[in-house]
Amino acid sequence: MKKFGLFIGGKWVVPDSKARFISLNPATKKPVASFPSANEKDVLYAISIAKAAFPKWSAIPAPKRGEVLLRFASLLRKNKERLARVVTQEMGKVLLEARGDVQEAIDAAEYMAGEGRRLFGYTAPSELPNKAAFTVREPIGVCALITPWNFPVAIPAWKMMPALVCGNTVVFKPSSDTPLCAAMFVELLHEAGIPGGVVNMVTGSGGIVGPVLVQNPDVRTVSFTGNRETGEWIAKNAGVKKIGLELGGKNPIIIMDDADLHLALEGVLWGAFGTTGQRCTAASRVIVHEKVFAEFEKMLVVAAKKLRLGSGASSSADVGPLINQKALEKSQYFVSVGIKEGARLLCGGKRGPHSGFFFEPTVFSGVAQKMRVAREEIFGPIVCLIKVKNLAEAIKTANDVDYGLSASIYTKGISNAFKAIEQLESGIVYVNASTIGAEVHLPFGGVKGTGNGVREAGIEGINEFSETKTVYIDYSGKLQRAQIDD
Ligand code: NAP
């Protein structure tokens, strides 16, 4: 098993901390790689190196920074299969999806490379004569990027590509479940020509590394994707710095009585059981019109029972393992909660027959929106069927959660579709498509408990990682007072 150091200043370094941890293959529970559990001194060192690298990197013209990202995209392309196999090995998702994870990073790198030639500000007329007004974008400084395990390549790319093209330097803290994916990511970035010190990676417990990053005054922004409790802790403890929080979801699919049920079924299977239900945008509630409820329920159970659990590396598997023992126990716990609350377990509900962290695709029916299984994020392959009388009740039910990331409606009616687009409380709405499938050039993020209003990806990613400077140039040669002089 390969033993890594911390990646600081463009090379692997021996940490001060002697403690280490091992990432596991969730399909086999076999060790994958060994990484340092960084201590406070290690994290402070990484921050100091990122701070020292900032003046030089931020002075490089943005189009040149973009060229490095383009080289990175091409290296990712070259290494796509190798990296995808490591994603499957360490995170568990099936290979087809692991390739998608890497592809999303390629897309993000290519898109943000192009931003190197834009990074647009805007001009506006001044209220005074002989005075110009415009804005420019500037980097923020050292960014702490704290990421989860479920998209171990795509999410770091969503954050790091805009951060770098804007001229920031980075301390990257990947999830302790997927450090090898992160290690390959930073190695490829350096092969692409990122100067030493611009991207630094510290591994170790979020509870130790996280607070040092979040509370350090030299870290000017924290971009975090993960669970709500951690996000709330960061919001309370980051002090006066810019923070981006991408948290959980309890995403609904509404199926109307005029929907194409076969299309809706495909969307529900993909949304609920793709990535073993471990996507922030996973469809965990399916809200079905009473006229088609019984038919759809039957169709879903038949189809869910056919899904094949297995190692993501096997071409015969549809659904891979959960990430770890804790996730397995959480799914088991929520099955018992659902049964106790009176929901009907139609299929699944048990761990798989394999030695890894497998859990069967699970369908609950007869679910009421007040039940915990319909309100709390489970992050496993468990979907709840809820019956409603009409669109108004469907939308009310969909909105009756603390989260608001992604929502979908299946209908052939344009009026249903537009009402849903208007009234669903979520950052992303799909019509006749599942709740998952974000594209990198469009904003990503949610409302209510899903985040703090920051959006990632596309131009919003540039907004997240740049400061706006407003410039006034007075060429009148005299004192002109805004709001006072005519
Ligand atoms: P998590 O436990 O919050 O971990 C996320 C990251 O935060 C990890 O790197 C973790 O390190 C670190 N961390 C833990 N405690 C910390 C602290 N006190 N301060 C700073 N960082 C800390 O979340 P997860 O279980 O990995 O990810 C699943 C969650 O992410 C779900 O809730 C899902 O909905 C959400 N998610 C949201 C989006 C979105 O865009 N909205 C996308 C994907 C996932 P360790 O690994 O060392 O604990």
In Hz, Karplus ³J(HN,Hα) per residue of region 440-449 (6.51, -1.76, 1.60; θ = phi - 60°; x = Gly, Pro): 6, 9, 10, x, 10, x, x, 10, 6, x
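From the square roots a ≥ b ≥ c of the eigenvalues of the alpha-carbon gyration tensor of region 236-329, which class results: rounded (a/c under 1.5), prolate (a/b over b/c), or oblate?
Details: a/c = 2.94, a/b = 1.39, b/c = 2.12.
Cα axes put region 236-329 in the oblate bin.
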DSSP beta bridge pairing in region 76-173, given as percent antiparallel to the nearest 5: 40
Note, ³J(HN,Hα) from phi for region 116-132, Karplus 6.51, -1.76, 1.60, rounded to Hz, x at Gly and Pro: x, 9, 10, 6, 5, x, 9, 10, 9, x, 7, 6, 10, x, 6, 9, 9
Region 167-255, relative contact order in percent, only Cα pairs under 8 angstrom and at least six apart counted: 25
Amide H partners (placed H, <5 Å) of residue 451, local residues excluded: 247
Share of carbon and sulfur in the accessible heavy-atom surface of the chain [1.4 Å probe, %]: 55
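Let me check I have the definition right: for region 334-435, take the eigenvalues of the Cα gyration tensor, multiply each by 5, take square roots. What are those semi-axes in whole Å, largest first? Before the final figure, lay out the partial values.
On the way: eigenvalues 153, 46, 30 Å².
Over the Cα atoms of region 334-435, the ellipsoid semi-axes are 28, 15, 12 Å.
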HN-Hα J in Hz across region 25-35 - Karplus 6.51, -1.76, 1.60, θ = phi - 60°, x for Gly and Pro: 7, x, 7, 10, 6, 7, x, 10, 7, 10, 9
Percent RCO, i.e. relative contact order, over region 344-416, from Cα pairs under 8 Å lying at least 6 residues apart: 23
Only Lys, Arg (+1) and Asp, Glu (-1) charged, at Cβ; region 101-223 dipole about Cα centre in debye: 420
Euclidean distance of C-alpha centroids, region 303-359 and region 189-241, integer Å: 32
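With every protein chain kept in place and ligands, DNA and RNA left out, what is the accessible area per residue of the chain? Probe 1.4 Å, answer in Å².
Working: 19890 Å² over 486 residues.
I get 41 Å² per residue for this part.
Among rounded, prolate and oblate, which fits region 88-136 when a ≥ b ≥ c are the square roots of the eigenvalues of its C-alpha gyration tensor, a/c under 1.5 means rounded, and a/b larger than b/c means prolate?
On the way: a/c = 7.22, a/b = 4.93, b/c = 1.46.
Because a/c hits 1.5 or more and a/b exceeds b/c, region 88-136 counts as prolate.
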Built amide H within the under 5 Å cut-off of residue 285, gap 5+: 251, 253, 384
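Please identify the longest segment of the chain free of exposed GluC sites (Glu not before Pro), where exposed means a DSSP state other than H, G, I, E or B and no more than 14 other Cβ atoms within 10 Å.
Working: sites that count: 127, 439.
Result for the longest clean stretch: 128-438.
Set the Förster radius R0 to 22 Å, insert the Cβ-Cβ distance between residue 126 and residue 240 as r into 1/(1 + (r/R0)^6), and round the FRET efficiency to 0.05.
Details: r = 30 Å, r/R0 = 1.38.
It comes to 0.15.
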Top positive-direction residue, dipole computed over the chain with Cβ charges, set 445, 238, 102: 102
Among 202, 221, 185 the positive-end extreme of the charge dipole of region 176-249 (Cβ point charges): 221
Cβ-placed point charges (K, R +1; D, E -1), dipole of region 58-111 about Cα centre in debye, nearest 20: 240
Between 0 and 90°, nearest 10: helix 325-341 axis offset from the chain longest Cα axis: 50
Where trypsin sites (Lys or Arg not before Pro) fall in DSSP loop in region 368-418, at most 10 other Cβ within 10 Å: 370, 389
Rg and Dmax [Cα atoms of the chain; Å; Rg one decimal, Dmax integer]: 23.8, 82
Amide H within-cut-off set for residue 126, under 5 Å, with H built and near neighbours excluded: 133
CD proxy at 222 nm, helix term only [per DSSP H run n ≥ 4: -39500 (n - 2.57); per residue of the chain; nearest 500]: -12500 deg cm²/dmol
Normalised contact order of the chain, rounded percent, pairs of Cα under 8 Å and 6 or more residues apart: 18
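Which whole-number value in Å³ per residue fits the convex hull of the alpha carbons of region 362-486?
Details: hull volume 25.6 nm³, N = 125.
With only Cα atoms used, region 362-486 gives 205 Å³ per residue.
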Helix 414-423 axis, angle to the chain major axis (alpha carbon atoms, nearest 10°): 60
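Which trypsin sites (Lys or Arg not before Pro) in region 5-61 sit in a loop by DSSP (not H, G, I, E or B) and have at most 12 other Cβ atoms within 10 Å of their own Cβ?
On the way: sites: 11, 18, 20, 29, 41, 51, 56; in loops: 18, 29.
Of the trypsin sites (Lys or Arg not before Pro), the ones in loops of region 5-61 whose Cβ has at most 12 other Cβ atoms within 10 Å are 18.
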Only Lys, Arg (+1) and Asp, Glu (-1) charged, at Cβ; the chain dipole about Cα centre in debye: 1180
Cα gyration tensor shape for region 277-350, rounded if a/c is under 1.5, else prolate or oblate: oblate
Rounded to whole Å, sorted largest first: equivalent-ellipsoid semi-axes of region 282-325, Cα gyration tensor: 28, 14, 7
Principal-axis tilt of helix 179-191 within the chain, Cα atoms, nearest 10 degrees: 40
Most positive-pole-ward Cα, 471, 413, 380, against dipole of region 367-484 from beta carbon charges: 413
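When the convex hull of the Cα atoms of region 76-196 is projected onto a plane and the area is averaged over all directions, what value comes out in nm²? If you can, show how the numbers build up before the last one.
Values: hull surface 36.4 nm².
Value for region 76-196: 9.1 nm².
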Percent of beta bridges antiparallel (DSSP, the chain, rounded to nearest 5): 40
Cleavage-rule hits (trypsin sites (Lys or Arg not before Pro)) in region 425-472: DSSP loop, at most 15 neighbouring Cβ within 10 angstrom: none
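The values are calculated or read from the model by the stated rules, or taken from the named source; none is laboratory data. These numbers come from a predicted model, not from an experiment. Here the Cβ is made from the backbone with ideal geometry for all residues, glycine too, and neighbour counts use every protein chain on show. Ligands, DNA and RNA are excluded from the accessible area calculation, which covers all protein heavy atoms including side chains. Shrake-Rupley method; radii C 1.70, N 1.55, O 1.52, S 1.80 Å.
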